[in-house]
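A.B. asks: Questions regarding the structure given below will be posed in turn.
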Amino acid sequence: MLNPCMRIMASIALAGLLSGCELVPKFVKDAQQDQASNGIQLCMSEDNKVEFSEFCKLENWLIFTLETEQQEWSQRKSKIAVLGDNPRDLLIKILLSQYQDTPYQNRLRAQNWVLKLLPKVDPDMRELLKSIVYNNSQQLLEYESAITLISRVNVRQEKTIQDLQIQLQEREDRLQKQQDQVEQLLKIESDLIEQNRGSTR
């Protein structure tokens, strides 16, 4: 399942292909005007065109993410494991890490890959990576951290409540035991008084 940042990327790709709306980011509108017949181009320099090949077109990002959407994390993890650290492989690893079932630590690692890749890409791809991938993923990671923290606090509070309930029950048990002992002593005393009365008659 695509996470929100990948849905946004898909929406931008479609928006770039279908409209010149004011809400579409500048890099998409510029690419649309300049490269209407060739799709949205993210690579301007020859080095980037050679390095990223098909990933120079935004629609190929979308196609790639749609093709890998149904793959489980274990499958994507295996693909990531065989990829290297060249810019194109880093981009593929980043895209493979943008799904909701990607574990927290792996999504965090993908954020580091984005930071490593940013200086090596042309401005349009850099803007896409920063605004759509990095920023949205960062927000998701922060939300997940907050949820984890709240869960830990709740677990701690629940444990505290359970501990207090145990202590309260132990105190009640002690009080009940003391009350039983007092009642036993009172019964013994009552029996002794009754015996004394009987012997004096």
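The values are calculated or read from the model by the stated rules, or taken from the named source; none is laboratory data. Just so it is clear, the model here is predicted, and its values are computed rather than measured. Reconstructed Cβ throughout: ideal geometry from the backbone, glycine too, with neighbour counts over all protein chains shown.
A.B. asks: Would you say Arg126 is more than 23 Å from Tyr99 (Cα to Cα) and either basic (Lys, Arg) or not in a helix (DSSP H, G or I) (or both)?
C.D. replies: no
A.B. asks: Report yes if Ile8 is under 26 Å from the mean Cα position of the chain (by Cα), at pLDDT 55 or above, within 24 Å of Ala110 (Cα to Cα) and among the β-branched types (Val, Ile, Thr), otherwise no.
C.D. replies: It is false that Ile8 is under 26 Å from the mean Cα position of the chain (by Cα), at pLDDT 55 or above, within 24 Å of Ala110 (Cα to Cα) and among the β-branched types (Val, Ile, Thr).
A.B. asks: Could you list, in sequence order, the residues of the stretch 111-123 that are crowded, with 18+ Cβ neighbours inside 10 Å, assigned to a helix (DSSP H, G or I) and touching a residue at least 60 places away in the same chain (Cβ under 8 Å)?
C.D. replies: Listed by number, the list is empty, since nothing qualifies.
A.B. asks: Here is a list: Leu91, Leu42. Which entry is surrounded by 13 or more Cβ atoms within 10 Å (Cβ to Cβ), at pLDDT 95 or above and closer than 18 Å to Val133 by Cβ?
C.D. replies: Leu91 is the lone residue from the list that is surrounded by 13 or more Cβ atoms within 10 Å (Cβ to Cβ), at pLDDT 95 or above and closer than 18 Å to Val133 by Cβ.
A.B. asks: Gln157 - would you say it is surrounded by 10 or more Cβ atoms within 10 Å (Cβ to Cβ) and over 30 Å from Gln105 (Cβ atoms)?
C.D. replies: Taking the combined requirement at face value, the residue does not satisfy it.
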